[in-house]
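Worksheet for the structure shown next.
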Amino acid sequence: DGTAKKFLEHEVNDQTTFSVKEGKLVTTGKPSGYLRTESVYENYVFHVEVRLMVPGNSGVLVHIQKDDIWPRSIECQLYFAHMGRIFPLNGATLDGGEMFHAAPRPVGEWNSYEVYSEEGRLATVLNGKLIGLASNADPKLGYICLQSEGVPAEFRNVKIRRHTPKHS
């Protein structure tokens, strides 16, 4: 209905967009929304395996500043034809982000997807291949989210590893 609704942990059963089935996080794709981390991240590697059952859209939103229907953030695209593209949303900015090439597996198969973030630089790796690079991301830290946008999607093996950059 166009209004933002926030569900806290004790209200999880009041929403129907995200669920856990057979060890997988599943989204219906509608309504649009996201499931986010409780913590804020800046320098990290985010890993997830994703499967779309039909060509369509989803995403990994990073560096979310505050909850909103379309939050100020950076989207690391999971749209089937553009998996790995990096672009800003709702007032965020960055340099680059376009795809070098496409590497999604066929619809119905699992894709390994990673987002690397370090001091405002972002990279996406899909099935072991570098897909997108961006720099000067603003914001460069925030929450990390799995998005529901349009079609059902399944996620598994979600992992986040923080790291401290090493400078010479």
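Here are a few things to note about the model shown:
- Full-stretch length increase - residue 69, residue 95 - with 0.36 nm per residue and alpha-carbon distance subtracted: 7.0 nm
- Debye-formula intensities of region 44-83, expressed as log10 I(q)/I(0) at q = 0.14, 0.29 Å⁻¹, are -0.36, -1.04 (one equal scatterer per alpha-carbon, no solvent).
- Residues of region 19-34 with amide N under 20 Å of a point placed 7 Å along Cα→Cβ from residue 156: 19-29
- Student exercise, the chain dipole from Lys, Arg, Asp, Glu Cβ charges, in Debye to nearest 20: 340
- Taking 0.36 nm per residue of separation and subtracting the current Cα-Cα distance, fully stretching the chain between residue 11 and residue 119 would add 35.4 nm.
- Where chymotrypsin sites (Phe, Trp or Tyr not before Pro) fall in DSSP loop in region 67-117, at most 16 other Cβ within 10 Å: 100, 110
- Carbon plus sulfur fraction of accessible area for region 79-168, probe 1.4 Å, in percent: 50
- Kirkwood hydrodynamic radius (C-alpha pairs) into Stokes-Einstein, the chain, 4 °C and 1.567 mPa s, D in µm²/s: 81
- Using the Cβ of residue 49 as centre and a radius below 13 Å, the other residues enclosed give a net charge of +2, where K and R count +1 and D and E count -1.
The values are calculated or read from the model by the stated rules, or taken from the named source; none is laboratory data. Remember, predicted model here, so these are calculated numbers, not experimental data. Backbone-built Cβ (ideal geometry, glycine too); neighbour counts: all protein chains shown. Side chains included, ligands, DNA and RNA excluded: accessible areas come from the protein's heavy atoms. Shrake-Rupley method; radii C 1.70, N 1.55, O 1.52, S 1.80 Å.
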